[in-house]
Amino acid sequence: MKLPEHLGANLQRESESFPVLLSVDLTLASASLIHSHQRIILDSQPSMLKRIFNLFKSDTDGSHKARIIPRDQHKVSRKQISQSALRVIKQLQEAGFEAYLVGGGVRDLLLGNTPKDFDVATNATPEQVRQQFRGARIIGRRFQIVHVRMGREIIEVTTFRGHHDDAETTKNEDGMLLRDNVYGTLETDALRRDFTVNALYYDLRDFSVIDYCNGMKDLEKRRLRMIGDPETRYKEDPVRILRAMRFAAKLGFSIEPNTAKPISELSHLLLNVSDARLFEELLKLFLSGSATATFNLLRDYDLLSILLPGADAAIKAGDNLGLAIIEKCMINTDKRIRANKTVTPAFLYAALLWPALQAQFKKLSQQLPPAVAWAQAGQQVIQQQLTRTSIPKRFSLPMREIWDLQQRLPQRSGLRALRTLDHPRFRAAYDFLLMREDAGEDLQGLGQWWTNYQAADENLRITMVKDLSKTTGERKPRSRRPRKPKAPTAE
Ligand code: ATP
Ligand code: MG
């Protein structure tokens, strides 16, 4: 294999620094293995033999050798890359560091898609990166990254990750990585990434793509393959299970059998992930523009029982209407995202938790008046969901308003319709109502009535409300006269 110049240079540099090891190194001639040697020497000596054994092992299956795809053999072009990402890479290189474009940006460009964002990998430590850029902030504890702000864009810069072979102390008893701030080389970084198609690096020095994990082949075959042993990798970070769902749905990729196999069995590990991170991941799942496909995958892998237990139970109990409403919401969400329209998480959650709300309301309304049952059901469904994912108040409050308005929309007599129309959440609630009808719920033309009401002038609105008593028998609400004070009772 012909190495590009810069890798050759690395080889040279490292062989000069570590002559002792190179004398043991009879056959390990690839740049990637030399990279690993550097780590062996830098790390504690007792594990050296184990590491060397592992290196031989990895060499025999060949998976750790970098394949370099020259510029004329791939689709990535500099012109498609954000100027900000290019500037970050250039500046790091000028300061003497290695820096590459990696992750979704490279993957999506190779697929001919428009990347959502650009990630950079470097051998500079987070602190060194921070010192290079004025608008840079180190974020995260478990996994430190640097956010470099360039105008309106934020470029995520990560330091090459290293191996965790003998770092059991950084894992909990379920194998979950508690810290992941061991630094390494380009090669170890590639092996620490999640899927092979996410571990492709674009090198601005010669415009080549560097592939350590056979990502190009998987990209061609349109399949998602976990790097390393899938079970271990899911245990290290169970969110990778959700990332598998998201990428498979978004890219339309199959999940390679070994990568798919442990998912259902290990899904309970998602319960160990912080509820805030799960909330974020859940939103990403449904806001990626492929909510429908994602939702179907979540059902196929029985992950709804973990993420949305209320919806899961209701659907499994046969609530086909509830399921249809969620499915409509997923279709609408995808359409809005494709049209560059905003999607509010409150609306999304209102639909995802709707089947649970219905089931709980049915139960409670056997003993309680409807309004009380509705309010309590709403509260209980949110409580149950909070055991899995957080829902920040800025989303849960409007979500409850959307629900409450579903109760108010049928009540239109007197001034009620006008008041409901004035409600700040009316538009979302009206859309939700239309979605329920669209999913097959028979609300006796309520959606159309509200459509007409909004378009009508003042006089027509009055007539529409009057006509209601004829058609639906809905009565004007009793005017509430102040009660007479009770006559004092003699005690
Ligand atoms: P997107 O298009 O959604 O941004 P992405 O692949 O770029 O997709 P990011 O979340 O931006 O996803 O992460 C950037 C890269 O970091 C990934 O491509 C992957 O290589 C690596 N990565 C992110 N999260 C993990 C994880 N949990 N485990 C291992 N590697 C990860
Ligand atoms: Mg990304």
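General remarks:
- So Leu287, is it surrounded by 16 or more Cβ atoms within 10 Å (Cβ to Cβ), hydrophobic (A, V, I, L, M, F, W, C), within 30 Å of Asn172 (Cα to Cα) and within 16 Å of ligand 1 (Cβ to nearest atom): no
- In region 105-120, the residues that are buried (at least 19 other Cβ atoms within 10 Å of the Cβ) and in contact with a Lys or Arg (Cβ under 9 Å, 6 or more places away or on another chain): Gly105, Asp108, Leu109, Leu110, Pro115
- Condition broken by Pro369, with the remaining ones in (1) out of contact with any helix residue (DSSP H, G or I) (no Cβ under 6 Å at 6 or more places or on another chain); (2) modelled with pLDDT under 95 satisfied: (2)
- Residue among Glu127, Glu98, Glu156 that is of a type outside the set (Gly, Ala, Ser), away from ligand 1 (no atom under 13 Å from the Cβ) and within 27 Å of Lys75 (Cβ to Cβ): Glu98
- Wholly within region 221-279, helices (runs of 4 or more DSSP H) carrying at least 2 residues that are of a type in the set (S, T, N, Q) and farther than 16 Å from Arg142 by Cα: 257-260
- Checked against the criteria, Asp206 does not count as touching a Pro at 6+ places or on another chain (Cβ under 9 Å), within 22 Å of Leu278 (Cβ to Cβ) and not in a helix (DSSP H, G or I).
- Which listed residue, of Arg222, Arg179, Arg233, is within 11 Å of ligand 1 (Cβ to nearest atom), touching a residue at least 12 places away in the same chain (Cβ under 8 Å) and under 23 Å from the mean Cα position of the chain (by Cα): Arg233
- Test: Arg179 is assigned to a helix (DSSP H, G or I) and of a type in the set (Lys, Arg): no
- When the residues of region 87-98 are filtered to those that are surrounded by 12 or more Cβ atoms within 10 Å (Cβ to Cβ) and away from ligand 2 (no atom under 16 Å from the Cβ), the one that is nearest to Val146 (Cα to Cα) is Leu92.
- Meets criteria (under 17 Å from Ser82 (Cβ atoms) and free of Cβ contacts under 8 Å to residues at least 60 places away in the same chain) for Phe143: no
- Residue among Lys335, Lys284, Lys328 that alone is touching a Lys or Arg at 6+ places or on another chain (Cβ under 9 Å), farther than 20 Å from Met399 by Cβ and not in a loop (DSSP other than H, G, I, E, B): Lys335
The values are calculated or read from the model by the stated rules, or taken from the named source; none is laboratory data. Keep in mind the model is a prediction, meaning the values are calculated, not measured. Every residue, glycine among them, receives a Cβ derived from its backbone with ideal geometry; neighbour counts consider all protein chains shown.
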